[in-house]
1. Across segment 238-265, what is the total count of residues that are under 18 Å from R294 (Cα atoms), over 13 Å from the mean Cα position of the chain (by Cα) and either surrounded by 21 or more Cβ atoms within 10 Å (Cβ to Cβ) or not β-branched (V, I, T) (or both)?
2. Does any residue of segment 338-350 turn out to be part of a loop (DSSP other than H, G, I, E, B), aromatic (F, W, Y) and surrounded by fewer than 22 Cβ atoms within 10 Å (Cβ to Cβ)?
3. Has segment 270-285 got at least one residue that is of a type in the set (K, R), in contact with a strand residue (DSSP E or B) (Cβ under 7 Å, 6 or more places away or on another chain) and either at pLDDT 95 or above or crowded, with 22+ Cβ neighbours inside 10 Å (or both)?
4. Got a number for residues in segment 190-216 being in a strand (DSSP E or B) and either buried (at least 17 other Cβ atoms within 10 Å of the Cβ) or at pLDDT below 95 (or both)?
5. Can you pull out the residues in segment 294-315 that are surrounded by 22 or more Cβ atoms within 10 Å (Cβ to Cβ) and out of contact with any Cys (no Cβ under 9 Å at 6 or more places or on another chain)?
6. Taking segment 256-289 as the search range and keeping residues that are among the polar types (S, T, N, Q) and part of a loop (DSSP other than H, G, I, E, B), which one is nearest to T338 (Cα to Cα)?
7. Given A434, A407, A447, which one is aliphatic (A, V, I, L, M), surrounded by fewer than 20 Cβ atoms within 10 Å (Cβ to Cβ) and either touching a His at 6+ places or on another chain (Cβ under 7 Å) or at pLDDT 90 or above (or both)?
8. Restricting attention to segment 372-380, does a residue exist that is buried (at least 16 other Cβ atoms within 10 Å of the Cβ), modelled with pLDDT of 95 or more, under 18 Å from C350 (Cβ atoms) and of a type in the set (D, E, K, R)?
Amino acid sequence: MKLIASRLSEALGLGPPSASRGRSRRNDDYDDRDRPPHGTSVDVDDDDRDDDGETFVYRLVRGYPNIVPKDVRRAVVDPSVRVVGERAFYGCRRLTTLILHEGLEEIRDRAFRNCELLRVVVVPRSVRTIDDSAFRDCVSLVEVRLWCGEEDDDEDDDDDGGEGDVAERRVRPPRGNLVQIGWGAFRNCSSLRALRIPPSVREVGHEACRDCRSLATLVVHDGVGVVRADAFRDCSSLSRVVVPPSVAEIGASAFRDCRALETLILNDGLEVIDDAAFAECKSLARVDVPPTVRSIGVESFSYCENLSEVVLYDGLETIGDGAFLECISLAGIDVPRTVRSIDRMAFGGCSRLQSATLHDDARLVEIADYAFRGCSSLASMKVPRSVRSIGYEVFRDCKNLERVDIAMGLERIGFNAFWDCGSLTFVRLPSSIAAIVGARLGEGQVAVPTAVPTFLFGREE
């Protein structure tokens, strides 16, 4: 009899006949783990429609979210709601208008994914997290307003460190609560034109705005800590990026393939530029890497074909593999004294590189394999006494290289280090060299100390 009574009670919507019956659940208690099995959420009734009969009101009924009809065109999230649940509006392809009220705290995974006609989203100040893929594939989304502690009609602030006219600056209200923008939160919002990241955000997640191809204006406020991998990858309309001093790390491929990016401002405070962070930014012309950066990652600026000027400062320790690979407009590079290694292919294929300055008092220990391979405009090179090893094919295909001066201290020259250097006329080798491995040279004078053991050395017959 108890089983029959329980099922009858549930069928009539009275809830289970237990000690918890009649307890009103707060939205704070709601969790996706409490969601009933798919297809058993509370059905839509007349109370879920506003007075106009067209507006759907998202609310909790008996502790569970009501089912969102797929044909909804206008939706309001009830002010009592703290959490918009996972997949709540997923695939509502006719939704054009969304109203979120103050008090909402979390927008969960894929909550509004594939809402293809949604155009504007205003996120209340109370929201703390926008979770993974929350608005992904909202291809008509033109505007997203995140609380930045400013009036809505304020002009965009480039955050480039300028003081401006203090008398004209407004007093800003307290910052919002948004802490995290999740993985792919706005990915493929291909109509999104502008985005301002509030200072309260600690992390811009992986692929957060990837493939937002209309995004032309991006403001990252001081306070943001990390820009994760692929966050703005393939934002092909983005022309200017200012990274504030609070950002310590730019993740792998974070701005890769931002082909319209012309201006990049990096501020003191940045420590890591991860692998391929700005690779294939075809329009980028100049980069100043601040002295707080310790490492430039693998292929960080590779294939930036218009990059003609790079300024590096003491403090940098590693120039990673292929960091400036195929930067065919780069004319010169001054390697800071603090750099300890120039890694594989770091400047490979920089065909217009005419000068590479390595300082006499440098801490440089290694010039790794292929580091300057294909630098066909390079005319001379001085290797400081701190260097112990020159790797394989380091200067291969440097067709205009005429002179190489290597200071005392070098111990090893790698295989084919000077292969196809057809203009090479002079190489000074120190007696500290322990081995030369197949270092092919062009025509000209080579001063090899008699004590240096060599093999496969010299020009092929």
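1. 3
2. no
3. No, the conditions are met nowhere in segment 270-285.
4. Going residue by residue through segment 190-216, those that are in a strand (DSSP E or B) are 194-197, 203-204.
Those still in the list that are either buried (at least 17 other Cβ atoms within 10 Å of the Cβ) or at pLDDT below 95 (or both) too: 195-197, 203-204.
Residues meeting the conditions: 5.
5. Matches in segment 294-315: I296, G297, E299, S300.
6. Going residue by residue through segment 256-289, those that are among the polar types (S, T, N, Q) are 263, 267, 283.
Then drop every residue that is not part of a loop (DSSP other than H, G, I, E, B), which leaves 267, 283.
Details: N267: 19, S283: 29 Å.
So, considering only residues that are among the polar types (S, T, N, Q) and part of a loop (DSSP other than H, G, I, E, B), the one nearest to T338 (Cα to Cα) is N267.
7. The unique qualifying residue is A407.
8. Checked segment 372-380: at least one residue is buried (at least 16 other Cβ atoms within 10 Å of the Cβ), modelled with pLDDT of 95 or more, under 18 Å from C350 (Cβ atoms) and of a type in the set (D, E, K, R).
The values are calculated or read from the model by the stated rules, or taken from the named source; none is laboratory data. Every value quoted in this text rests on a predicted model; they were computed, and no experiment measured them. Neighbour counts run over all protein chains shown; Cβ positions are idealised from the backbone, glycine included.
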